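J.: Take a look at this one; I'll ask things after.
The values are calculated or read from the model by the stated rules, or taken from the named source; none is laboratory data. This one's a predicted model, so the numbers in the text were calculated from it and none came from an experiment. Quick reminder, even Gly has a Cβ in these numbers, built from the backbone with ideal geometry, and neighbours come from all protein chains shown. With ligands, DNA and RNA removed, areas are computed over all heavy atoms of the protein, side chains included. Shrake-Rupley method; radii C 1.70, N 1.55, O 1.52, S 1.80 Å.
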Number of protein chains: 2
Amino acid sequence: MSLRHALLGLLSERPASGYDLLKRFETSLANVWPATQSQMYTELSKLSADGLITVSAEGPRGRKEYTLTDEGLTELRHWLTETRPQRNTRSDLLLRVFFLDVLPPEHARGYLAWLADMSQREYEDLRRLEESIDWGDDPLSVNGRIALEYGLRLNAMRREWAEWAADRIG
Amino acid sequence: MSLRHALLGLLSERPASGYDLLKRFETSLANVWPATQSQMYTELSKLSADGLITVSAEGPRGRKEYTLTDEGLTELRHWLTETRPQRNTRSDLLLRVFFLDVLPPEHARGYLAWLADMSQREYEDLRRLEESIDWGDDPLSVNGRIALEYGLRLNAMRREWAEWAADRIG
DNA sequence: GGGGCCATGTAATCGGTTACATGATTGA
DNA sequence: TCAATCATGTAACCGATTACATGGCCCC
């Protein structure tokens with residue numbers, strides 16, 4: 001149920017259309033909360049029906065600009081402060097580790113090596129992203145930078161772990 | 001679609017009933033792939049219908065013991081080697097970070113402090129779990145130990161990151 | 001006898017994914 | 001003019017969650 005809150009959060013910065021939000025997801029939130037186009041338009045309709053956002057303007061091509069209502073902001077704050085995030089650790093990557101012994105050892109090590117490489121590549125992608133962004137003092141910059149740092153540390157950790165694990169299997 | 005493979009994986013070690021698998025999930029795979037009772041029984045029926053497992057014995061109280069078939073083992077190996085895990089990074093925890101600026105700074109820092117504490121507690125829980133288990137040389141021990149190490153490193157990383165982030169906001 | 005555990009199943013609902021469908025506007 | 005982009009929506013399906021429902025067996 002968090003796509004709701006992701007949308008409310010983005011709208012708390014400034015009004016936007018579904019299309020705008022779609023673009024902004026791709027470039028910022030996609031890493032922490034992927035969402036499809038279809039899901040977003042559906043959710044926006046629901047949010048509007050629930051009074052958490054309103055259509056504040058209409059533009060060409062049927063464009064609808066949504067604005068956060070007071071109720072929406074209250075709901076966003078409520079989500080942030082009153083509800084406990086439950087860490088959804090469901091990890092395809094780690095699940096496989098449990099069953100690596102049904103493969104020949106060299107295949108198992110191959111999987112871990114691939115994981116290490118993937119983490120390294122992702123790390124480098126994030127570094128490049130970090131350098132390409134003009135970080136300001138605005139809230140999104142501060143928070144976005146913090147989230148990105150998490151990604152960097154996660155991938156560094158994962159690479160080291162995968163290398164350590166490959167040694168252990170050998 | 002990975003619950004299938006989690007079940008195939010567990011059955012690759014030894015035959016078991018739905019109830020057995022349920023218990024083993026709770027104590028081992030729950031951290032990487034939570035599943036409900038209802039989901040597991042449904043999936044077992046499907047796996048059986050698809051010929052990847054068979055009912056190898058029936059016991060008291062309607063107990064059905066499932067055994068992996070050759071086809072099932074093939075499917076498990078196929079999943080491990082031929083399909084690429086897509087890291088499903090959807091993270092409730094991190095999503096909130098993006099919107100911390102709608103809260104007063106002390107609340108935002110409070111959230112990060114809580115995150116650091118939670119990670120620390122989880123770290124300690126895993127350490128205790130590690131010490132409580134009699135690690136052998138069997139495949140499950142080796143792999144389980146590797147997965148557990150991932151949890152330890154993740155939580156250590158997360159704690160440090162949350163502390164670093166709290167400083168940044170202040 | 002009865003409480004606790006063993007053991008399995010179904011139905012309703014929800015969030016998310018994939019695919020399909022449509023059309024307006026802009027700019028080269 | 002025509003391709004690219006802007007822009008929104010619906011339908012089918014799937015995996016996961018919650019709740020409900022049932023009953024047998026074992027041991028105290």
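J.: Return a whole-number percent for the relative contact order of region A:92-169, with Cα pairs under 8 Å and 6 or more residues apart as the contact set.
T.: Working: 44 pairs, mean separation 36.5, N = 78.
The normalised contact order for region A:92-169 reaches 47 percent.
J.: Mean 1/r over all different Cα pairs, inverted: what Kirkwood radius does chain A give, in Å?
T.: Numbers: mean 1/r = 0.0533 Å⁻¹.
18.8 Å is the Kirkwood radius here.
J.: Could you pull the Rg and Dmax for region B:2-82, using just the Cα atoms, both in Å?
T.: Rg, Dmax (Cα atoms, Å): 11.9, 39.
J.: Further, regarding this structure: What is the magnitude of the charge dipole of region B:1-85 about its Cα centre, with +1 placed on the Cβ of each Lys and Arg, -1 on the Cβ of each Asp and Glu, and no other charges, expressed in debye to the nearest 20?
T.: On the way: 10 positive and 11 negative charges, 49 e Å.
Around 240 debye, computed over region B:1-85.
J.: Give me a comma-separated list of calculated 3J(HN,Hα) values for region A:19-24, in order, Karplus coefficients 6.51, -1.76, 1.60 applied at θ = phi - 60°, integers in Hz, x for any Gly or Pro.
T.: 5, 4, 4, 4, 5, 5
J.: How much space per residue, in cubic angstrom, does the convex hull of the C-alpha atoms of region B:92-169 take up?
T.: Working: hull volume 6.1 nm³, N = 78.
About 78 Å³ per residue, rounded to a whole number.
J.: Continuing with the same structure: Give the accessible area for B:R63 in Å² (nearest 10); use a 1.4 Å probe, count only protein heavy atoms, and leave out ligands, DNA and RNA.
T.: That residue has around 90 Å² of solvent-accessible surface.
J.: Now for a separate question. Projecting each Cα onto the charge dipole of region B:92-169 (Lys/Arg +1, Asp/Glu -1 at the beta carbon, about the Cα centre), which of B:P104, B:G144, B:A162 comes out farthest on the positive side?
T.: Going by the Cα projections, it comes out as B:P104.
J.: I've got another one for you. Around A:A16, under 14 Å between beta carbons, what's the net of Lys plus Arg minus Asp minus Glu among the other residues?
T.: Numbers: positive: A:R14, A:K23, A:R24, A:R63, A:K64; negative: A:E13, A:D20, A:E26, A:E43, A:E58, A:E65.
Charge balance near A:A16 sits at -1.
J.: Something else now. Which value, in Å² and to the nearest 10, is the accessible area of A:T27 when all protein chains are kept and the probe is 1.4 Å?
T.: That residue has around 110 Å² of solvent-accessible surface.
J.: Right, another one. Using the alpha-carbon centroid of each, what span in Å lies between region B:28-82 and region A:151-167?
T.: 31
J.: Which whole-Hz ³J(HN,Hα) couplings does region A:35-43 yield from phi under the Karplus relation 6.51 cos²θ - 1.76 cosθ + 1.60, θ = phi - 60°, glycine and proline marked x?
T.: Rounded to whole hertz, the list is 8, 8, 4, 5, 5, 5, 5, 4, 5.
J.: Computed FRET efficiency, Cβ-Cβ of A:A57 and A:T89, R0 35 Å: what is it to the nearest 0.05? Display every interim value, and only then the final one.
T.: Values: r = 41 Å, r/R0 = 1.17.
E between A:A57 and A:T89, to the nearest 0.05, is 0.30.
J.: May I pose another question? How much solvent-accessible surface does B:L80 expose, in Å² to the nearest 10, with a 1.4 Å probe and all protein chains in place?
T.: 10
J.: Within a 10 angstrom radius of each residue's Cβ in B:27-34, how many Cβ atoms of other chains show up on average? Whole number is fine. Write out the running numbers ahead of the final one.
T.: Values: counts 0, 1, 3, 1, 5, 10, 7, 4.
Averaged over the peptide's residues, the number is 4.
J.: Taking R0 as 35 Å, what's the FRET efficiency between B:H78 and A:T74 from their Cβ-Cβ distance, rounded to 0.05? Write out the running numbers ahead of the final one.
T.: Numbers: r = 50 Å, r/R0 = 1.42.
E(calc), rounded to 0.05, equals 0.10.
J.: Let me ask something else about it. Enumerate the amide H contacts of B:K64 below 5 Å, restricted to partners 5 or more residues apart or on another chain; note that Pro and chain-start residues carry no placed amide H.
T.: It is B:G18, B:G59, by chain and number.
J.: Sequence-distant or interchain residues sharing an amide H contact under 5 Å with B:T83, placed H: which?
T.: Correct list: empty.
J.: Now a separate question. Mean residue ellipticity at 222 nm from the helices of chain A, using -39,500 (n - 2.57) per DSSP H segment of n ≥ 4 over the full residue count, to the nearest 500 deg cm²/dmol? It would help to have the intermediate numbers written out before the result.
T.: Working: 7 runs with 113 residues, N = 170.
Calculated at 222 nm, the ellipticity per residue is -22000 deg cm²/dmol.
J.: Here's another thing I want to ask about it. Note the buried accessible area between B and A here, summed over both chains, with a 1.4 Å probe, in Å² to the nearest 100.
T.: It comes to approximately 6700 Å² buried between B and A.
J.: So which lysines pass the test for A:K46, namely a Cα distance under 28 Å, with those fewer than 8 places away in the same chain ruled out?
T.: A:K23, A:K64
J.: Mind checking which of A:S2, A:T27, B:L129 is farthest towards the positive end of the protein assembly as shown's charge dipole, using Cβ charges of +1 (Lys, Arg) and -1 (Asp, Glu) about the Cα centre?
T.: A:S2
J.: Also: Quick one: putting +1 on the C-beta of Lys and Arg, -1 on the C-beta of Asp and Glu, what dipole do you get for the protein assembly as shown around its Cα centre, in Debye to the nearest 20? Present the calculation step by step, with values, prior to reporting the outcome.
T.: On the way: 44 positive and 54 negative charges, 103 e Å.
Approximately 500 debye in magnitude.
J.: If you don't mind, another one. I need the chymotrypsin sites (Phe, Trp or Tyr not before Pro) found in region B:99-140, filtered to DSSP loop residues with at most 14 other beta carbons within 10 Å of theirs. Walk me through the numbers on the way to the answer.
T.: Details: sites: B:F99, B:Y111, B:W114, B:Y123, B:W135; in loops: B:F99, B:W135.
In loop regions of region B:99-140 (DSSP not H, G, I, E or B), the sparsely surrounded chymotrypsin sites (Phe, Trp or Tyr not before Pro) are B:W135.
J.: Using the Karplus curve 6.51 cos²θ - 1.76 cosθ + 1.60 with θ = phi - 60°, what ³J(HN,Hα) values do you get for each residue of region B:63-72, in whole Hz, with x for Gly and Pro?
T.: With the stated coefficients, region B:63-72 comes to 4, 10, 9, 9, 10, 5, 8, 4, 4, x Hz.
J.: Within the accessible area of region B:85-170, what % is carbon and sulfur when the probe is 1.4 Å and the other protein chains stay in place?
T.: Details: 1950 of 4130 Å².
Answer for region B:85-170: carbon and sulfur cover 47 percent of the accessible area.
J.: Which distances, in nm and shortest first, link the B:R84 label point to the same label point in every other copy, taking 7 Å along Cα→Cβ?
T.: In ascending order, 3.8 nm.
J.: For region B:2-82, which whole-number percentage of the solvent-accessible area (1.4 Å probe, protein heavy atoms only) is attributable to carbon and sulfur atoms?
T.: Working: 2000 of 4140 Å².
Whole-percent figure for carbon plus sulfur exposure: 48.
J.: Students often get this wrong: which residues of region A:142-170 have the backbone nitrogen under 15 Å from the point 7 angstrom along Cα-to-C-beta of A:Q120?
T.: The answer is A:155-167.
J.: About its Cα centre, what dipole magnitude does region A:92-169 give when the only charges are +1 on Lys and Arg Cβ and -1 on Asp and Glu Cβ, stated in debye to the nearest 20? Working shown, then result.
T.: Working: 10 positive and 16 negative charges, 64 e Å.
In total the dipole reaches around 300 debye.
J.: So how many Å³ per residue does the convex hull of the Cα atoms of the protein assembly as shown work out to? Intermediate values should be presented prior to the final figure.
T.: Values: hull volume 57.9 nm³, N = 340.
Here the figure is 170 Å³ per residue.
J.: Tally Lys/Arg at +1 and Asp/Glu at -1 over every other residue whose Cβ is under 13 Å from the Cβ of B:E149; what's the total? Don't jump to the answer; show the numbers that get you there.
T.: Details: positive: A:R158, A:R168, B:R127, B:R145, B:R153; negative: A:E160, A:E163, A:D167, B:E130.
So the environment of B:E149 carries a net charge of +1.
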